[in-house]
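Contents: one structure, followed by commentary.
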């Protein structure tokens with residue numbers, strides 16, 4: 001607004017100044033007289049000023065025409081001139097217009113038109129870095145894989161387009177399922193541009209697929225360094241792949257090296273159950289039960305899990321049920337409200353035929369969270385207390401159709417795994433396996449009913465082999481018959 005006002009005032013001032021000057025010239029006395037060859041021309045002051053201005057404009061036009069004539073002669077001679085630059089600018093303008101049209105066609109999904117515009121831009125422009133890129137993208141959109149690959153290879157020749165060419169070829173080989181070549185291209189692209197987030201993710205996935213745990217951890221460190229991975233997520237995933245290294249080394253018989261990686265994984269993620277189990281197993285083999293117990297108890301405090309209880313029981317496999325109950329009371333101290341602790345302590349009391357203690361330990365859990373395992377434990381307690389067969393069988397019938405016990409399930413695709421894995425076996429998602437309840441199923445067969453103490457039915461119960469008291473359910477038996485017929489009654 002202010003600038004517009006200034007321009008208006010400046011224009012008015014100039015008009016006033018010209019008007020004033022013209023008025024002064026018209027009022028001025030005398031003028032200009034020109035005599036030549038007997039001719040005499042007289043001009044007033046204003047006429048003389050206008051004549052002088054006209055002569056200046058004429059001289060300027062003559063100079064421009066002379067320069068144009070010289071430029072035309074040089075253009076014909078092949079030299080660079082303003083005329084040639086004019087035609088070059090016009091050609092460049094048309095080239096960029098074709099390039100813009102190609103980008104618009106590419107964005108709208110018209111691969112054929114995008115390819116035509118890209119080729120036109122390639123003819124008009126001397127910018128192979130731009131035209132090759134859009135030609136490659138248009139070829140991909142048009143399904144012309146051969147042209148796309150050939151164009152991406154052209155991009156490899158120039159330093160500033162080398163990464164784009166490498167990344168384009170990487171995507172081509174990923175679509176073809178050629179993971180070996182894709183891995184090499186991903187490593188090359190990562191070396192060219194380590195801060196590129198998508199390249200990091202692709203490389204990470206390919207390395208995990210090849211079980212290159214050392215490479216995976218290096219890539220994770222790069223993601224942390226360049227800010228594409230939060231620190232807490234990096235710490236967790238670094239623990240996951242340190243554990244993977246430990247498992248592989250253990251399978252190769254390198255127990256000491258495997259133990260160092262297992263301990264590192266447990267240190268990075270104390271709540272990662274498989275890491276705690278592996279580290280504790282290594283310490284147990286070294287006859288360091290105290291350290292193994294400390295690791296398992298710390299993991300239990302963070303994430304109670306039946307396999308942790310099984311690992312803790314394995315530290316003293318021959319102890320009496322009474323001693324085991326006392327030892328587990330210290331192990332689970334502080335986690336009494338957790339469902340896993342309630343069921344664990346109830347099982348231990350059942351092993352002692354202490355059904356009142358088992359009922360107290362289980363509390364209202366079988367009612368508030370009626371899972372297969374909780375209802376089966378309650379059936380064992382009722383049977384031990386002398387309940388009639390019909391009541392016990394009714395509980396077991398409820399257990400058959402109740403919520404199944406937790407399993408290792410991929411949070412990305414829902415695939416159920418028999419054991420924990422660092423990478424989902426179905427969708428290849430990294431660190432997506434969690435211990436959780438599976439979706440409710442419409443029908444569950446009786447052979448999937450969880451066992452009370454000591455064993456678990458295949459694929460369902462996930463109960464730890466803590467105790468094997470005489471008379472409790474054993475593998476392969478009919479669960480309902482065992483609970484109703486073979487359970488020791490309360491004396």
TODO: Could you give me the radius of gyration and the Dmax of region 198-267, taking only the C-alpha atoms into account and expressing both in angstrom?
DONE: 12.4, 37
TODO: Please work out the FRET efficiency for the pair residue 100 and residue 211, using the Cβ-Cβ distance as r and a Förster radius of 56 Å; give the result to the nearest 0.05.
DONE: 0.75
Task: Gain in span if fully extended, residue 176 to residue 437, counting 0.36 nm per residue against the direct Cα distance - done: 90.3 nm
TODO: Note the full-extension length gain between residue 218 and residue 191 as 0.36 nm times their separation in residues minus their Cα-Cα distance, in nm to one decimal.
DONE: 8.5 nm
Task: Förster-model FRET efficiency, 60 Å R0, residue 20 and residue 90, C-beta, rounded to 0.05 - done: 0.85
Task: Ordering of 317-328, 301-312, 177-188 by burial proxy (mean other Cβ atoms within 10 Å per residue, highest first) - done: 301-312, 177-188, 317-328
Open item on the list: For a quick check: sort 160, 367, 223 by the number of other beta carbons within 10 angstrom, fewest at the front.
Closed with: 160, 367, 223
TODO: Using 0.36 nm per residue of separation minus the Cα-Cα distance, give me the extension gain between residue 426 and residue 198 in nm, one decimal.
DONE: 79.9 nm
TODO: Take the Cα pairs of region 86-155, get the Kirkwood Rh, then feed it into Stokes-Einstein at 25 °C and 0.890 mPa s and tell me D in µm²/s.
DONE: 210
Open item on the list: Can you give the FRET efficiency to the nearest 0.05 for residue 226 and residue 4, using r as the Cβ-Cβ distance and R₀ = 60 Å?
Closed with: 0.80
TODO: Report, as a whole number in µm² per second, the diffusion coefficient that Stokes-Einstein gives for region 262-322 at 10 °C and 1.306 mPa s using the Kirkwood radius over alpha carbon pairs.
DONE: 141
Open item on the list: Report the Rg/Rh value for region 147-242, based on alpha-carbon coordinates and the Kirkwood definition of Rh.
Closed with: 1.01
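Throughout, read-outs are computed from the coordinates displayed, never taken from laboratory work. Just so we're clear, the structure is a prediction, and the values are computed from it rather than from any experiment. Virtual Cβ from ideal backbone geometry, glycine too; neighbours counted across all protein chains shown.
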